[in-house]
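FYI, it's all coordinate maths here, none of it is from the lab. Owing to the predicted nature of the structure, the values given are computational and were not obtained by experimental measurement. Cβ placement follows ideal geometry from the backbone for every residue including glycine, while neighbour counts extend to all protein chains displayed.
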Amino acid sequence: MSLEAATGEPLRLVLTLEKFSFGVGDRFAHQARAQLRAFEMLAADGIDAAPVWNKSNREHTLIGSQPQSVLDAAQAAVKVLGWSKGWHVDADHIRLDTVDRFIACSDFFTIDVADSIGKQARAGDVAAFVARHPELIGTVSIAGAGAPFQTTRSDIERVAAKYLLAVQDAASVYRHIASRKGGANIIAEVSIDETDAPQTPPELLIILAALADENVPLQTIAPKFTGRFNKAVDYVGDPARFEREFNDDISVVAHAVARYGLPANLKLSIHSGSDKFSLYPIIRRALARTGAGVHVKTAGTTWLEELIGLAEAGGDGLQLAKELYAHALDQVDELCAPYATVIDIDRARLPSARTVNGWSGAQLANALRHIPTHPQFNPHARQLMHVSFKLAAKAGARYLRLLEENEAVVATQVTENLYRRHLRPVFVG
Ligand SMILES: [Zn+2]
């Protein structure tokens, strides 16, 4: 965004992420329009959320696609539908060694520093941090949080030692992108979700103070929340505990903005956010009560809707969907291994290929579609197919041709899933 000043010099404004934003994945670059349609429907309900098309380096590598394809697909959809509101392209989970090919075609950068968490920071840096932040020691009152945080000097030292190196990494990745693209042209997110232990709200406060010290103007932060955020299925954990923690995290973010001068629109980002039906009412209530914004990131749920659409379409589409299921069963170990910590599949509950071959398109669609109360829904088959998208990539031109031939039915699945099962429950209710 730029304004012409009286002198004719362009006045640069910092690219600002909207209060509500929602990350969507489009692995095969065929559903951007169907996705954008869901945001149009939400806008018609009176809620503006900015679509953010995200695709990680890992996904590009598995599928063999280039980052530019995400921008091209998004731009085409924005043009066709005449979308005049905000939208972004997210270089998802990038690091210093993977970010370069994303820089030209992204404006949102999810800087993933989880690998550096727990690597011991320099003792001098820890001591300097603790000396700079006496306000973090003792009773720390955070407006809106459930109770004041009680912390000791050794708590701060321990957390700083665990996270300072990750914070320094985030700063160097940010500076690298800013030096190439200009700091005013980028939205920075820092992600610390892909790690073992969740961050407590007091830890989040310390991390944000450290990011402010390093001058990282992050607009979203993705902590690891309590409970399991399995891929493509609902939250597994204690929703009441999530609610307390989420509310405290919102309060911590507001406190950090005021106290440490972080960007005023800084907000939480919820990763693996698709299908977390039991959390959406909690998130919606928290946003309504606090006035906070949120970013919810989803990705693979779109590929499942493509598969469901092909099953519904019948004919060659259904045939390919059944073949992909059979291949997935054959390679279940190999397909599930990289996702072991984020899926829970009971192999005994996976129907045989023979059984699925006898199903109608509607039955296969019902097994995969995430309607937990549906008698034919099978969360095990759904999770297996969620991690099997590279089999569709292998089917290549045949898969893409069937998507195109069955565009209407596939697009309906994509739009409905995003609008009815995601955007509406999070933002409207
Ligand atoms: Zn993540």
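Electrostatic bookkeeping for Gly314 treats Lys and Arg as +1 and Asp and Glu as -1; over the other residues with beta carbon under 13 Å from its beta carbon, the sum is -2. Relative intensity of the chain on a log10 scale, I(q)/I(0) at q = 0.07, 0.10, 0.13 Å⁻¹, equals -0.35, -0.71, -1.16, per a Debye sum over C-alpha point scatterers of equal strength in the absence of solvent. Reported to the nearest whole Å, the Cα centre-to-centre distance from region 189-224 to region 333-376 is 35.
When shorter helices are ignored and each DSSP H run of at least 4 residues is given -39500 (n - 2.57), the per-residue value for the chain at 222 nm works out to -14500 deg cm²/dmol.
Run through the DSSP bridge list for region 151-306 and note the antiparallel percent, rounded to the nearest 5. Counting DSSP beta bridges with both partners in region 151-306, the antiparallel share is about 10 percent.
Annotation for Ala240 and Arg101: the two label points, set 7 Å from Cα along the Cα-Cβ direction, are 4.9 nm apart. Normalised by the number of residues in region 113-243, the mean separation of alpha-carbon contacts (under 8 Å, six or more apart) gives a relative contact order of 26 percent. Charge dipole (Cα centre; +1 on Lys/Arg Cβ, -1 on Asp/Glu Cβ; no other charges) of region 117-192 amounts to roughly 260 debye. The convex hull of the Cα atoms of region 35-166, projected and averaged over all directions, covers 12.1 nm². Normalised by the number of residues in region 245-325, the average gap of Cα pairs under 8 Å and 6 or more apart makes the relative contact order 25 percent. Put simply, the amide H of Val24, placed in the peptide plane, has neighbours under 5 Å in Val52, Trp53, Asn54, Thr298, leaving out anything fewer than 5 places away on its chain.
Of all beta bridges that DSSP places with both ends in the chain, some 20 percent have antiparallel geometry. Normalising the average separation of contacting C-alpha pairs (under 8 angstrom, six or more residues apart) by the number of residues puts the relative contact order of the chain at 17 percent.
Rounded to the nearest 20 debye, the dipole size of the chain about its Cα centre is 320 debye, using +1 on the Cβ of Lys and Arg and -1 on the Cβ of Asp and Glu. Magnitude of the charge dipole for region 74-203, about its Cα centre and with charges confined to Cβ atoms of Lys, Arg (+1) and Asp, Glu (-1), is about 420 debye.
Straight-distance candidates among the lysines for linking to Lys390, with alpha-carbon spacing under 26 Å and chain neighbours fewer than 8 residues away dropped: Lys55, Lys231, Lys276, Lys297, Lys322.
Were the residues from Arg58 through Gln319 laid out at 0.36 nm apart, the gain over their Cα-Cα distance would be 91.1 nm. Considering only beta bridges that DSSP places wholly inside region 44-162, some 25 percent are antiparallel.
Panel order for Asp346, Asp45, Asp155, by other beta carbons found within 10 Å of each beta carbon, from fewest to most: Asp346, Asp45, Asp155.
Long hydrophobic helices in the chain, taken as whole DSSP H segments with a C-alpha length of 27 Å or more on their own axis and mean Kyte-Doolittle hydropathy at least -0.5: 153-181, 239-260. Of Pro201, Pro379, Pro134, which has the largest mean-square fluctuation in a 10 Å C-alpha GNM of the chain? Between Pro201, Pro379, Pro134, it is Pro134 that shows the largest mean-square fluctuation. The residue among Leu42, Gln31, Ala328 whose Cα reaches farthest toward the positive pole of the charge dipole of the chain, with charges on the beta-carbon of Lys, Arg, Asp and Glu, is Leu42. Compared with the direct C-alpha span, the chain from Ser278 to Ala76 gains 69.3 nm at full extension, assuming 0.36 nm per residue. Annotation for Thr341 and Glu416: the two label points, set 7 Å from Cα along the Cα-Cβ direction, are 3.6 nm apart. Charge tally around Ala222: other residues with Cβ under 10 Å, Lys/Arg +1 each, Asp/Glu -1 each, net -2. Placing unit charges on each Cβ (+1 for Lys and Arg, -1 for Asp and Glu) gives the chain a dipole about its Cα centre, and among His271, Ile111, Ser352 the Cα reaching farthest toward its positive end belongs to Ser352.
The distance between label points at Arg122 and Arg153 comes to 2.2 nm (points 7 Å beyond Cα on the Cα→Cβ vector). Here the Karplus relation 6.51 cos²θ - 1.76 cosθ + 1.60, evaluated at θ = phi - 60°, turns the backbone of region 144-151 into coupling constants of x, 6, x, 8, x, 7, 10, 10 Hz, with x for every Gly and Pro.
Here's how it looks for Ile187: its modeled amide H is under 5 Å from those of Phe108, Phe109, which are all 5 or more places away or on a different chain.
By the count of neighbouring beta-carbon atoms within 10 Å, fewest first, Thr412, Thr220 end up ordered Thr412, Thr220.
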